[in-house]
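Colleague: Would you mind keeping the following structure in view while I ask a few things?
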Amino acid sequence: DRWWQAALTVEGKISGLDLVYSGSYMDRDVDTSSDYSAYTYNYDVYYASTPEYFGNLFRNDAGDVISPAMRMLSHNLFTKSSHELRLSSPSDWRLRFVVGAFLQQQQNDTRNEFRVDGLATIYSITGQPGVQYLNAMTRIDRDWAVFGEVSYDLGSKLTLTGGLRVFGY
């Protein structure tokens, strides 16, 4: 499991208004090797007497039955970045506001190989000797939002506030 993360916040003023930018980035790379035999022994082999189930497919290239002991090798790469920009009025103004925008992107590249030592070529994924099951995907999620809020002091003890957020995901 290798990862790194960075974040940055920049604050400033434009004509007496507060401007804030916040951004972050994370990168995580995970490699895993795990014993998956409990599944093959308790599910696949359990149905070995029924020809249409996988229990009969643990054979080598000579056609001999082999151990169904399986291991899973997985590789996952996760990245995430976010950005937010806000502009706000001073807190001592009678009419105050905050407006801003937000963007975020997450990506997951994953590959999971379920391997059986000595598995016949005919029972392996094409071009992947010994791999009985394989899943791989890339998923990208993008989120965005624009938002605003306005507050107005009606008196020393009463404030009217309204806001709106529009987003997509």
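Colleague: Provide, for q = 0.24 Å⁻¹, the log10 of I(q)/I(0) from a solvent-free Debye sum over equal Cα point scatterers in segment 1-46.
Modeller: Normalising to I(0) and taking log10 leaves -0.87.
Colleague: Looking at the P(r) of segment 78-122, how many percent of alpha-carbon pairs lie beyond 11 Å? Don't skip to the answer; put the middle values down first.
Modeller: Working: 774 of 990 pairs.
Value for segment 78-122 (Cα pairs over 11 Å): 78 percent.
Colleague: Can you list the equivalent-ellipsoid semi-axes of segment 79-169, largest first and in whole Å, using the square root of 5 times each Cα gyration tensor eigenvalue?
Modeller: Values: eigenvalues 645, 21, 16 Å².
Largest first, segment 79-169 gives 57, 10, 9 Å.
Colleague: Let me ask something else. How much net charge surrounds Asp29 when only the other residues with a Cβ under 11 Å from the Cβ of Asp29 are counted, with Lys and Arg +1 and Asp and Glu -1?
Modeller: Working: positive: Arg2, Arg28; negative: Asp1, Asp27, Asp31, Asp109.
Result for the local shell: -2.
Colleague: Please report, for the Cα atoms of segment 115-163, the Rg to one decimal and the Dmax as a whole number; what are they, in angstrom?
Modeller: For segment 115-163, the Cα radius of gyration and maximum Cα-Cα distance read 29.7, 81 Å.
Colleague: Report the full-extension gain for the segment Gln128 to Ser15: residue separation times 0.36 nm, less the Cα-Cα distance, to one decimal in nm. Could the numbers behind the result be given before it?
Modeller: Details: separation 113, 0.36 × 113 = 40.68 nm, distance 6.28 nm.
Working it through step by step, the gained length comes to 34.4 nm.
Colleague: Would you mind getting the accessible area per residue of segment 51-131, heavy atoms of the protein chains only, 1.4 Å probe, in Å²? Don't skip to the answer; put the middle values down first.
Modeller: Working: 4660 Å² over 81 residues.
With the other protein chains kept in place, segment 51-131 gives 58 Å² per residue.
Colleague: Further question on the same structure: Given Cβ point charges of +1 (Lys, Arg) and -1 (Asp, Glu) and nothing else, what value in debye, to the nearest 20, does the dipole of the chain about its Cα centre take?
Modeller: Values: 15 positive and 20 negative charges, 145 e Å.
Dipole magnitude for the chain comes out near 700 debye.
Colleague: Out of the total accessible area of segment 59-107 (probe 1.4 Å, heavy atoms of protein only), what percent is carbon and sulfur? Present the calculation step by step, with values, prior to reporting the outcome.
Modeller: Numbers: 1670 of 2880 Å².
Here it works out to 58 percent.
Colleague: Can I ask one more? Report relative contact order for the chain in percent, whole number only (criteria: Cα-Cα under 8 Å, sequence separation at least 6).
Modeller: Details: 402 pairs, mean separation 32.4, N = 169.
It rounds to 19 percent for the chain.
Colleague: Go through (i) 27.9, 89; (ii) 18.9, 57; (iii) 15.9, 52 and flag the label whose value is the computed Rg and Dmax of the Cα atoms in Å for this structure.
Modeller: (i)
Colleague: If ligands, DNA and RNA are left out, what is the accessible area of Arg28 with a 1.4 Å probe, given in Å² to the nearest 10?
Modeller: 90
The values are calculated or read from the model by the stated rules, or taken from the named source; none is laboratory data. Please read all numbers here as calculations on a predicted model, not as lab measurements. Ideal geometry is used to build each Cβ from the backbone, glycine not excepted, and the neighbour counts take in all protein chains shown. For accessibility, only protein heavy atoms count, side chains too; no ligands or nucleic acids. Shrake-Rupley method; radii C 1.70, N 1.55, O 1.52, S 1.80 Å.
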